[in-house]
1. Take residues that are touching a helix residue (DSSP H, G or I) at 6+ places or on another chain (Cβ under 7 Å) and tell me which of the strands (runs of 3 or more DSSP E) falling wholly in segment 404-456 contain 3 or more.
2. Is it the case that segment 267-286 has a residue that's out of contact with any helix residue (DSSP H, G or I) (no Cβ under 6 Å at 6 or more places or on another chain) and surrounded by fewer than 17 Cβ atoms within 10 Å (Cβ to Cβ)?
3. Between a residue in segment 337-363 that is assigned to a helix (DSSP H, G or I) and any residue that is surrounded by fewer than 19 Cβ atoms within 10 Å (Cβ to Cβ) and at pLDDT 95 or above, which pairs come within a Cβ distance under 7 Å, given they are 6 or more apart or on different chains?
4. Go through (1) out of contact with any strand residue (DSSP E or B) (no Cβ under 6 Å at 6 or more places or on another chain); (2) closer than 17 Å to residue 121 by Cβ; (3) in a helix (DSSP H, G or I) for residue 270 and report which single condition fails.
5. With 367, 341 as the choices, which residue is farther than 30 Å from residue 429 by Cα and out of contact with any strand residue (DSSP E or B) (no Cβ under 9 Å at 6 or more places or on another chain)?
6. Restricting attention to segment 99-139, which residues are in a loop (DSSP other than H, G, I, E, B), within 12 Å of residue 165 (Cα to Cα) and more than 12 Å from the chain's Cα centre (by Cα)?
7. Among the residues of segment 91-104, write down those that are touching a strand residue (DSSP E or B) at 6+ places or on another chain (Cβ under 9 Å) and closer than 19 Å to residue 468 by Cα.
8. Given the residues 388, 480, which is the only one that is in contact with a strand residue (DSSP E or B) (Cβ under 9 Å, 6 or more places away or on another chain) and not in a loop (DSSP other than H, G, I, E, B)?
């Protein structure tokens with residue numbers, strides 16, 4: 001019988017890496033510390049050939065039990081943009097078809113296996129019951145927990161059958177926050193009973209049994225009625241008590257990124273990693289410089305020596321991670337002949353089915369003079385991709401409409417009555433940014449509102465007919481262009497309250 005390999009702190013942590021190639025220094029660092037998990041971000045993704053080379057190099061360095069993770073949810077949170085682009089969860093919520101959700105989940109997984117990636121931080125289980133939520137929104141399947149359960153389970157079923165691990169998030173629920181935890185620490189002042197009635201229902205449904213999620217990602221949110229001192233990521237009451245004991249979850253628990261301000265500014269990388277492991281997490285997501293990543297590894301080693309972490313507990317965590325890696329091997333698999341084209345057609349069909357017209361919205365006639373209002377530019381916020389460029393907004397109106405004037409405002413969230421004249425042109429607002437509008441927006445003379453990102457913006461223009469696309473990927477814009485030209489229906493029903 002072979003001896004059990006010695007535990008190394010690197011067996012637990014997931015790190016990020018610089019650049020689009022694996023440089024010698026980073027490869028040596030991964031090997032030296034036996035790090036087996038890397039998360040890829042947009043900064044790492046070049047051409048498809050470059051991505052495949054990078055994942056091949058990582059496989060060689062990390063070995064057969066390596067995990068390469070990515071946020072490929074669909075909609076605006078989609079790191080690899082050259083592969084077929086999936087609809088946002090809320091778009092699938094608007095359709096409400098479990099079979100479609102399963103096929104989309106499978107297609108996303110096929111695209112990741114094509115690139116050499118075996119772990120996707122999706123689907124989102126957050127129940128978005130707060131229209132002011134600045135970070136979830138269309139990333140959620142809706143405001144009804146039963147709809148979230150049905151569609152997330154189906155999406156995950158598709159991904160898992162194609163060999164890509166899922167990671168449901170953000171436990172115990174990020175759907176009722178007013179603050180983005182990337183920038184500050186949110187608080188949700190609810191009792192356990194209130195959470196059980198809403199936020200926890202999807203996590204409970206997918207925590208155990210034959211269709212249990214293989215992994216859960218934590219939320220950097222304080223729930224003071226459960227733990228007044230620590231956010232969920234660092235709370236033994238929430239991770240060890242609610243998730244492990246109450247819900248019976250036996251898979252991998254990975255933290256959300258510890259570099260997010262909600263945690264980093266209060267605890268730092270090293271302390272937060274140890275606290276997360278003490279709380280019941282298996283894998284700290286420790287982004288940062290190589291020196292900061294080394295600090296995390298040293299802190300875990302020191303906590304073991306000091307008895308702040310038990311060897312038995314970290315070995316159990318490492319075993320759960322290894323079980324995940326063995327179940328979803330890190331091996332690239334090319335698309336079968338014709339499959340990529342079929343998956344792209346599937347994504348376009350799903351986007352088209354999700355279009356939703358509100359308040360009697362109808363396409364303008366081709367002869368009607370239009371004024372199209374949009375934001376001049378929208379940079380990526382680090383979570384979502386950059387908003388639709390003005391050139392692509394203009395392409396929605398090419399050829400079909402004879403007289404179109406474009407107005408590019410610096411900030412749509414500050415939209416007011418003075419921005420839009422009443423001069424005979426039909427004012428068409430194309431919202432290519434996420435933020436809700438300000439209090440003056442309702443006074444603006446908007447005749448048609450095309451909400452192509454945050455669906456809750458339609459609440460700020462309560463009189464304007466609207467079309468909601470749930471996202472701005474090419475499939476969504478193709479469907480919207482067809483609607484504008486009278487070639488596409490928009491009959492889906494919103495999975496959130498937009499009246």
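1. Numbers: elements: 404-409, 426-431, 448-451.
Output list reads 404-409, 448-451.
2. Scanning segment 267-286, I find at least one residue that is out of contact with any helix residue (DSSP H, G or I) (no Cβ under 6 Å at 6 or more places or on another chain) and surrounded by fewer than 17 Cβ atoms within 10 Å (Cβ to Cβ), so the answer is yes.
3. These pairs meet every condition: 348/478; 352/488.
4. Unmet condition: (2).
5. The unique qualifying residue is 341.
6. Matches in segment 99-139: 117, 118.
7. Of everything in segment 91-104, those that are touching a strand residue (DSSP E or B) at 6+ places or on another chain (Cβ under 9 Å) and closer than 19 Å to residue 468 by Cα turn out to be 91, 92, 94.
8. Working: 388 fails: not in a loop (DSSP other than H, G, I, E, B).
Selected residue: 480, the only one of 388, 480 that is in contact with a strand residue (DSSP E or B) (Cβ under 9 Å, 6 or more places away or on another chain) and not in a loop (DSSP other than H, G, I, E, B).
The values are calculated or read from the model by the stated rules, or taken from the named source; none is laboratory data. Predicted model, so just to flag it, every value in this text is computed and none were measured. Cβ atoms come from the backbone with ideal geometry, glycine included; neighbour counts cover every protein chain shown.
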